[in-house]
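Asker: Can you read through this structure? Questions will come right after.
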Amino acid sequence: MNTPFWFKYWLAGCLFLSLVALGLAVRAEPAEDPQVVAQNVYTQIKTNLNVAAVNALVTQYFDTRSMAIQALGLPYRSFSADQKTVYAQAFDTYFKKSLYDVLTTHKDVSISNLVSRVEGNRATVKCVVKSTNAQPIDLALNLSLAEDTWKANDVVMDNISLIVSYRPQFASLYKQGGFDGLVEYLNSH
């Protein structure tokens, strides 16, 4: 299955937004101006874009285990403990590879109109993602606070959830190839 262009653009914005969100939400003292945080993160990514850096950023700012569970839905419940671990690791690898590919392909992405809302242990950060080759896209990042750390657990682009968009693809892969087919796909793409 080929990844659609809009999905790759979406993921590029996800990383920028998640880093900004963490910069806003984690601080106990007043946060920097959102535009300053966004520019600092954007500059960091532009100057240090390599596989190891992207992997570290995803590990730090995304709850890929939660995302993996939500993306698969009901079949996840039938997995053994070992299968759950293997699947979560495969999803993590898939997400990191996808994000790296997006960031190296779409380097002209910027963010603006940053707004955050925190309610207890949940937060949403919204912005507009812009590129010279596409229309602006409304992007929202859903975060959860666990162990004093904010982590993204879903990304919503133009009211379409990343997690919800994964479900039919993963369901089809699981139906066609079972657990092994799904994990093989995630590890090879």
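Asker: Obtain the nm distance between the two label points defined at A134 and T59 by a simple spin-label model: each point lies 7 Å from its Cα along the Cα-to-C-beta direction.
Answerer: Going from the A134 label point to the T59 one covers 2.8 nm.
Asker: Per 0.36 nm of contour for each residue apart, how much would the distance between S110 and V51 grow if the chain were fully extended, relative to their Cα-Cα spacing?
Answerer: 19.2 nm
Asker: Okay, next question. Quick one: length gained pulling R77 to S144 fully straight, 0.36 nm per residue minus the C-alpha distance?
Answerer: Between R77 and S144, full extension yields 21.9 nm more.
Asker: Something else about it: Mind sorting L186, L49 by how few other Cβ atoms lie within 10 Å of their own Cβ, fewest first?
Answerer: L49, L186
Asker: Gain in length, D180 to R167, computed as 0.36 nm per residue apart minus the alpha-carbon separation, to one decimal in nm?
Answerer: 3.0 nm
Read-outs: derived from the displayed coordinates by stated rules, not from any lab. This one's a predicted model, so the numbers in the text were calculated from it and none came from an experiment. Note that each Cβ is placed from the backbone with ideal geometry, even for glycine, and that neighbours are counted across all protein chains shown.
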